[in-house]
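Student: If you scroll down you'll find the structure; I have some questions about it.
The values are calculated or read from the model by the stated rules, or taken from the named source; none is laboratory data. Everything numeric here is computed off the predicted structure, so don't read it as measured data. Here the Cβ is made from the backbone with ideal geometry for all residues, glycine too, and neighbour counts use every protein chain on show.
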Amino acid sequence: MTLEQIDYFICAAQSRTFFDAAETMHISQSSLSKQIMKLEKELELTLWDRSKRTAVLTPAGEFFYKEALKISRQYHRSMEAVSHFKDSESLTLHIGTLPFLSQYHLTSVIHSFCAAHPELSFSLKEVEDQELLSGLEKNLFDLIFVRKHMLDLKLYTFHVLTEDRLVAVLPKNHPSASKKTVSLTELKREIFILMPPHTSIYRFCMQSFHDAGIHPQILRTARAESIVSAVEIGEGISLLTESSFQLFRQPSLAAVPINGLEKLSVGVAHKKNMALTSSAECFLQYVKSHI
């Protein structure tokens with residue numbers, strides 16, 4: 001027994017003839033008759049008295065008609081409730097991000113989006129690399145702000161917002177400080193202070209060293225603000241994104257781009273096999289048009 005058969009039966013019971021019911025349901029009269037006969041066969045009941053000129057409901061048919069109305073009403077109430085739930089879901093937005101919003105001027109964009117869409121329940125969570133990707137995979141986030149090189153592009157769609165690059169952070173009296181660019185090979189004998197190992201920038205640096213055939217001497221790891229202070233007092237040099245250096249730059253330091261490396265693309269990502277909610281699509285288009 002299907003809901004379609006129940007709807008056909010109800011329509012037939014409420015119409016003067018099977019012909020009128022078929023016209024209402026936009027099917028042929030023979031198709032309507034076949035579906036009602038299948039229903040009778042499954043129920044093992046005769047629902048229609050066909051001995052008269054116009055088919056009328058049998059007592060069993062009268063009883064089933066009342067039950068069919070209950071089933072149909074419950075079905076449509078359930079579908080309406082599900083629809084309200086889906087609408088509610090579409091008004092929630094869960095965003096994950098690396099801790100880099102301020103350096104790419106994203107904080108103000110997010111604030112203005114929320115002000116423009118007060119109807120949305122907006123959630124923003126700042127996490128590190130592994131938690132960010134895990135959260136997207138587990139559907140904890142609708143969208144994430146991420147660096148492109150962190151993603152498997154077979155699994156995720158990436159929308160670039162801006163480009164960054166790796167720079168060598170050097171004291172201004174360093175021999176390479178006045179150069180327009182510098183290679184990793186030129187810096188291979190230096191002592192490095194790098195970002196923490198759980199960050200994508202650390203992994204990007206280590207992969208770049210590996211590709212260049214360099215085994216770097218790493219003194220320690222630290223956050224960007226601590227790195228800038230350490231380079232300033234002569235503990236070593238560092239590799240940072242240019243945007244990070246701009247946040248914490250000091251007059252005594254220079255930032256020289258590393259040549260031969262791919263750009264560090266920053267953007268928004270989502271799973272390829274999952275359709276975006278209307279809220280997520282709205283947010284994505286807003287961010288893309290305001291960066």
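Student: Within the stretch 254-276, is there a residue that is hydroxyl-bearing (Ser, Thr, Tyr) and more than 21 Å from Tyr104 (Cα to Cα)?
Tutor: No, the stretch 254-276 has no match at all.
Student: Go through the stretch 155-202 and give me each residue that's of a type in the set (Val, Ile, Thr) and crowded, with 19+ Cβ neighbours inside 10 Å. Spell out the reasoning first.
Tutor: Quick first cut of the stretch 155-202, residues of a type in the set (Val, Ile, Thr) only: 157, 160, 162, 167, 169, 181-182, 185, 191, 193, 199, 201.
Answer for the stretch 155-202, where residues must be of a type in the set (Val, Ile, Thr) and crowded, with 19+ Cβ neighbours inside 10 Å: Val167, Val169, Val182, Ile193, Thr199, Ile201.
Student: Separate question: Take the residues in the stretch 152-168 that are part of a strand (DSSP E or B) and in contact with a Pro (Cβ under 9 Å, 6 or more places away or on another chain), then tell me which one is nearest to Ile237 (Cα to Cα).
Tutor: Here is the first cut: in the stretch 152-168, the residues part of a strand (DSSP E or B) are 156-164, 166-168.
Of the ones still in play, those that are also in contact with a Pro (Cβ under 9 Å, 6 or more places away or on another chain) are 166-168.
Values: Leu166: 13, Val167: 11, Ala168: 7 Å.
Of everything passing the filter in the stretch 152-168, Ala168 is nearest to Ile237 (Cα to Cα).
Student: Of everything in the stretch 1-60 that's among the hydroxyl-bearing types (Ser, Thr, Tyr) and not in a helix (DSSP H, G or I), which residue is surrounded by the fewest Cβ atoms within 10 Å (Cβ to Cβ)?
Tutor: If we take residues in the stretch 1-60 being among the hydroxyl-bearing types (Ser, Thr, Tyr) and not in a helix (DSSP H, G or I), then Ser51 is surrounded by the fewest Cβ atoms within 10 Å (Cβ to Cβ).
Student: Looking at His149, His198, His174, which is the one that is outside the structural domain of Leu240 (by TED's automatic domain parsing), outside any strand (DSSP E or B) and not basic (Lys, Arg)? Give the steps one after another, and end with the answer.
Tutor: Working: His198 fails: outside the structural domain of Leu240 (by TED's automatic domain parsing); His174 fails: outside the structural domain of Leu240 (by TED's automatic domain parsing).
Of His149, His198, His174, the one residue that is outside the structural domain of Leu240 (by TED's automatic domain parsing), outside any strand (DSSP E or B) and not basic (Lys, Arg) is His149.
Student: While we're on this one: Tally time: how many residues in the stretch 124-148 are in contact with a helix residue (DSSP H, G or I) (Cβ under 6 Å, 6 or more places away or on another chain) and either under 25 Å from Met206 (Cα atoms) or exposed (fewer than 15 other Cβ atoms within 10 Å of the Cβ) (or both)?
Tutor: Step one: of the stretch 124-148, the residues in contact with a helix residue (DSSP H, G or I) (Cβ under 6 Å, 6 or more places away or on another chain) are 129, 141-144, 147.
Of the ones still in play, those that are also either under 25 Å from Met206 (Cα atoms) or exposed (fewer than 15 other Cβ atoms within 10 Å of the Cβ) (or both) are 129, 144, 147.
Residues flagged as in contact with a helix residue (DSSP H, G or I) (Cβ under 6 Å, 6 or more places away or on another chain) and either under 25 Å from Met206 (Cα atoms) or exposed (fewer than 15 other Cβ atoms within 10 Å of the Cβ) (or both) within the stretch 124-148 amount to 3.
Student: Applying the selection to the stretch 89-107, what residues are at pLDDT below 75 and surrounded by 15 or more Cβ atoms within 10 Å (Cβ to Cβ)?
Tutor: The first filter runs over the stretch 89-107 and keeps only residues at pLDDT below 75, leaving 89-90.
Passing the criteria: only Ser90.
Student: Find all pairs meeting these conditions: Cβ atoms under 7 angstrom apart; at least six residues apart or on different chains; first residue within the stretch 27-46 and under 22 Å from Glu62 (Cβ atoms); second residue assigned to a helix (DSSP H, G or I) and among the acidic types (Asp, Glu).
Tutor: Taking only residues 6 or more apart or on different chains, the pairs are Thr46/Glu40.
Student: If you don't mind, there's one more thing I want to ask. Taking Lys86, is it at pLDDT below 85 and either in the same structural domain as Cys114 (by TED's automatic domain parsing) or outside any strand (DSSP E or B) (or both)?
Tutor: Numbers: at pLDDT below 85: yes; either in the same structural domain as Cys114 (by TED's automatic domain parsing) or outside any strand (DSSP E or B) (or both): yes.
Spelling it out, Lys86 is indeed at pLDDT below 85 and either in the same structural domain as Cys114 (by TED's automatic domain parsing) or outside any strand (DSSP E or B) (or both).
Student: Just need a number here: residues in the stretch 110-123 that are touching a residue at least 40 places away in the same chain (Cβ under 8 Å), out of contact with any strand residue (DSSP E or B) (no Cβ under 7 Å at 6 or more places or on another chain) and either in a loop (DSSP other than H, G, I, E, B) or buried (at least 19 other Cβ atoms within 10 Å of the Cβ) (or both).
Tutor: So the count comes out to 1.
Student: Output the helices (runs of 4 or more DSSP H) that fall wholly within the stretch 218-291 and possess 1 or more residues being at pLDDT 95 or above and in the same structural domain as Val146 (by TED's automatic domain parsing), or say none.
Tutor: Numbers: elements: 224-232, 242-248, 278-290.
Passing ranges, in order: 278-290.
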